[in-house]
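Participant: Take a look at this one; I'll ask things after.
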């Protein structure tokens with residue numbers, strides 16, 4: 001059994017060495033998803049907003065500072081009224097904020113000053129972001145100068161002792177998706193290739209169970225996946241500055257993900273027995289599974305139905321572990337140890353499914 005396992009392991013490494021294009025293509029696909037979520041986070045914030053300052057006084061400058069400090073809300077562009085109206089009509093701006101002449105004088109005298117705000121409401125999501133950010137900036141400005149007209153002051157108590165940016169949250173969860181794509185596709189193609197080449201028929205007459213050499217091949221793809229995942233991890237750490245709070249836990253989580261997703265891919269490869277369809281299937285289901293795994297925010301915030309569905313995807317538990325390991329966030333009610341146990345259960349279930357499909361395909 002050990003000889004068959006090691007022999008298949010070596011044979012698969014030689015096979016992968018002869019197929020650098022497959023490995024390169026798989027890595028490119030995984031990295032593409034990391035950049036995809038990065039650009040999604042960048043374009044989902046910092047609404048392009050024209051600012052027309054007709055006052056240029058002390059309080060006008062202070063209010064502009066409050067707008068700039070509104071968290072990930074405005075990308076302020078100073079314009080005159082003609083240029084701003086032309087840009088917003090051309091769809092280049094989400095909003096136009098005008099600070100009227102005499103703004104500073106009225107604020108100094110305690111008078112209420114109306115601000116003219118034009119919003120391109122073609123996108124209701126962006127419109128809602130602007131509608132939320134403007135009152136926040138006004139409240140911060142009034143609080144700074146102790147305005148007597150602001151009767152309500154908020155006092156915030158954070159449950160977590162540190163803030164996490166949206167993009168670091170996204171790219172950390174994207175590592176689970178990268179592991180699924182890299183390890184899942186390589187494991188699936190490896191097993192499916194044995195059926196396409198008919199070599200699996202020879203395994204049925206060997207003195208060991210066909211699952212043994214097949215698992216040796218899957219382990220070889222896992223080793224290759226570990227090294228290719230280092231590229232994705234390097235992008236997250238050095239490109240986005242996400243320094244893992246628990247590095248050992250993060251390394252363990254990624255290793256477990258690679259092994260488990262390799263087993264899941266192998267079971268799909270044994271079920272479909274064709275390399276191109278199974279690779280397309282894994283690539284096609286990766287993004288929907290990713291969206292249902294708490295990648296943008298804790299899944300429990302999206303309603304009980306979606307949260308319940310998420311529990312049937314391994315990525316949900318993988319994201320829970322990675323967010324805790326990298327950013328020290330508890331995004332699932334389940335503990336890290338429970339998430340690990342569930343992922344191991346997925347591995348066992350995948351091996352059982354692989355065994356069944358191999359036995360069925362060689363009968």
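What follows draws every value from the coordinates through simple rules; no lab data is involved. The structure presented is a predicted model; accordingly, all values stated were derived computationally and were not measured. Quick reminder, even Gly has a Cβ in these numbers, built from the backbone with ideal geometry, and neighbours come from all protein chains shown.
Participant: Between residue 85 and residue 164, what is the FRET efficiency for a Förster distance of 41 Å, r being their Cβ-Cβ separation, to the nearest 0.05?
Facilitator: 0.60
Participant: Any chance you could give the angle, 0 to 90 degrees and rounded to 10, that helix 211-234 forms with the longest Cα principal axis of the chain?
Facilitator: Roughly 20 degrees, rounded to the nearest 10.
Participant: Right, here's the next one. Would you mind calculating the gained length between residue 109 and residue 78 on full extension (0.36 nm times residue separation, minus the Cα-Cα distance), in nm to one decimal?
Facilitator: 8.5 nm
Participant: Taking 7 Å along the Cα-to-C-beta vector as the label spot, tell me the residue 338-residue 276 distance in nanometres, rounded to one decimal.
Facilitator: 4.5
Participant: Go ahead and run the numbers for FRET between residue 35 and residue 300, Cβ-Cβ distance against an R0 of 41 Å, rounding to 0.05.
Facilitator: 0.90
Participant: Okay, next question. Once a ≥ b ≥ c are taken as the square roots of the eigenvalues of the Cα gyration tensor of the stretch 46-144, is the result rounded (a/c under 1.5), prolate (a/b larger than b/c) or oblate (a/b not larger than b/c)?
Facilitator: On the way: a/c = 2.11, a/b = 1.40, b/c = 1.50.
Cα axes put the stretch 46-144 in the oblate bin.
Participant: From the helices alone, meaning DSSP H stretches of at least four residues, give me the mean residue ellipticity at 222 nm for the chain, per-run term -39500 (n - 2.57), in deg cm²/dmol to the nearest 500.
Facilitator: Dividing the helical sum by the residues of the chain leaves -22000 deg cm²/dmol.
Participant: Cα centroids of the stretch 161-176 and the stretch 286-322: how far apart, whole angstrom?
Facilitator: 14
Participant: Right, here's the next one. Could you calculate the contour length gain from residue 246 to residue 127, that is, 0.36 nm times the residue separation minus the distance between their Cα atoms, to one decimal place in nm? Present the calculation step by step, with values, prior to reporting the outcome.
Facilitator: Numbers: separation 119, 0.36 × 119 = 42.84 nm, distance 3.82 nm.
Extra length from residue 246 to residue 127 when fully extended: 39.0 nm.
Participant: Further, regarding this structure: Take the chain, drop everything but the C-alpha atoms, weight them equally and run the Debye formula without solvent; then report log10 I(q)/I(0) at 0.11, 0.12 Å⁻¹ to two decimals.
Facilitator: Listed by q, the Debye log ratios stand at -0.82, -0.91.
Participant: While we're on this one: In a solvent-free Debye calculation with one equal scatterer on each Cα, what is log10 I(q)/I(0) for the stretch 228-278 at q = 0.16, 0.24 Å⁻¹, listed in the order of the q values?
Facilitator: -0.61, -0.88
Participant: In what sequence do 10, 18 fall when counting other Cβ within 10 Å, fewest first?
Facilitator: In increasing order of surrounding Cβ atoms, one gets 18, 10.
Participant: Hey, another quick one. Order by neighbour count: 261, 340, fewest other Cβ atoms within 10 Å first, most last.
Facilitator: Values: 261 34, 340 19.
Going from sparsest to densest Cβ surroundings: 340, 261.
Participant: For residue 69 and residue 360, calculate 0.36 nm times their separation in residues minus their Cα-Cα distance, and state this gained length in nm to one decimal.
Facilitator: Difference between extended and current length: 98.5 nm.
Participant: Ordered by packing density, taken as the mean number of other Cβ atoms within 10 Å over each peptide's residues, highest first, how do 180-186, 110-116, 47-53, 89-95 rank?
Facilitator: In decreasing order of mean packing, 180-186, 110-116, 47-53, 89-95 become 180-186, 47-53, 89-95, 110-116.
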